[in-house]
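A.B. asks: If you scroll down you'll find the structure; I have some questions about it.
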Amino acid sequence: MEVVAEAGTANEAIDLVDRYRPSVVTVDIRLGNMDGIQLVRILKGRQEAPRCMVLSTYEDRQHLVGALEAGADAYLLKSNSYETLPDTVRRVHEGESMLSQELISLMMDEYRKVAAQQIHRDSGLTAQDVKVLRLLAKGSRSLDIANDLAMTEITVKRKVQEIIQKLNASNRVQAVAEAIRRGVI
C-alpha cells in the first residue's frame with residue numbers, strides 16, 4: 001500500500017485521481033470548493049471509479065446517508081480511524097464496505113424508520129391510525145383516545161372502524177393483533 005498523492009481541494013483531488021488512478025481514495029467531508037459528498041459522487045460516476053472512503057468528524061444521519069447515497073464504500077469517524085486506517089484501506093480495496101462502529105446503530109435506526117414507513121404505506125394506515133392503534137393496544141377506551149388525540153368520541157369510533165377495515169380484521173382486538181404482526185406497532 002502506498003500513498004500516491006494528497007489534495008487540498010476537490011478540484012485538485014479530481015486532477016490527482018485522473019493522473020494516478022488510485023484504487024482507493026480517502027475523502028474528507030470538508031473541502032475548500034465543494035464538499036466531500038459531491039466529490040464522491042463525481043468520482044463514483046466515472047467509468048473506472050476508485051473505491052471511496054469518507055473520513056469525517058460528523059456522526060449525523062445527513063452526512064452519513066448523503067455519503068452512502070453518493071456511492072461511498074466506507075464512512076469512518078476521524079476520532080477512531082487513524083490506528084485502523086491501513087487495515088481499513090486494505091479491506092475497502094478488497095471490496096468490503098466499512099462503517100465506524102458508532103454509526104452502525106444510526107444506520108439500523110434509519111433502516112427501521114424506512115421499514116416502518118413502508119409498512120404504513122403498504123397497509124394504507126395513516127400516522128393518526130397508528131396513534132389510535134397504539135392507544136388501543138394499551139387498552140384505552142374510545143373516550144380516552146378522543147381526549148388524548150383531541151378528537152371527538154364519535155370520530156374515534158369511526159376511525160377505529162376504518163382501521164379494522166384497512167387491516168381486514170373483525171374487531172379492535174384483531175386489528176391490534178394484525179398491526180403487531182405486521183410490525184406497525
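A.B. asks: Based only on other Cβ atoms within 10 Å, what is the fewest-to-most ordering of Leu77, Leu133? Present the calculation step by step, with values, prior to reporting the outcome.
C.D. replies: Details: Leu77 18, Leu133 24.
If I rank by nearby Cβ atoms, fewest first, I get Leu77, Leu133.
A.B. asks: Amide H of Val27 versus every other amide H placed in the peptide plane: which residues, excluding those fewer than 5 positions away on the same chain, fall under 5 Å?
C.D. replies: Result for Val27 returns Met53, Val54, Leu55.
A.B. asks: Counting pairs of alpha carbon atoms under 8 Å apart in space and at least six apart in sequence, what relative contact order in percent does the chain give?
C.D. replies: 13 percent
A.B. asks: With contacts defined as alpha carbon pairs under 8 Å and 6 or more residues apart, what's the relative contact order of the stretch 10-104 in percent?
C.D. replies: Relative CO of the stretch 10-104 lands at 25 percent.
A.B. asks: Considering only DSSP beta bridges where both residues belong to the chain, give the percentage that are antiparallel (nearest 5). Write down the numbers at each step before the final one.
C.D. replies: Working: 0 of 11 bridges.
Of those bridges, close to 0 percent are antiparallel.
A.B. asks: What relative contact order, as a whole-number percentage, does the stretch 124-182 give when Cα pairs under 8 Å and 6 or more residues apart are counted?
C.D. replies: It comes to 32 percent, rounded to a whole number.
A.B. asks: Let me ask something else. In straight Cα distance, which lysines are under 18 Å from Lys159, not counting same-chain residues fewer than 8 positions off?
C.D. replies: Lys131, Lys138
A.B. asks: So between Val65 and Tyr111, what do we pick up on full extension, going 0.36 nm a residue minus the alpha carbon distance?
C.D. replies: On the way: separation 46, 0.36 × 46 = 16.56 nm, distance 1.09 nm.
Between Val65 and Tyr111, full extension yields 15.5 nm more.
A.B. asks: Moving on to the next point. For the chain, report the % of Cα-Cα distances exceeding 28 Å.
C.D. replies: 47 percent
A.B. asks: When the convex hull of the C-alpha atoms of the stretch 10-104 is computed, what volume per residue in Å³ does it have?
C.D. replies: 92 Å³
Since every read-out is calculated from the coordinates, none of them should be taken as a lab result. None of the values given here were measured: they were computed from a predicted structure. Neighbour counts are summed over all protein chains in view; Cβ atoms, including those assigned to glycine, are modelled from backbone coordinates with ideal geometry.
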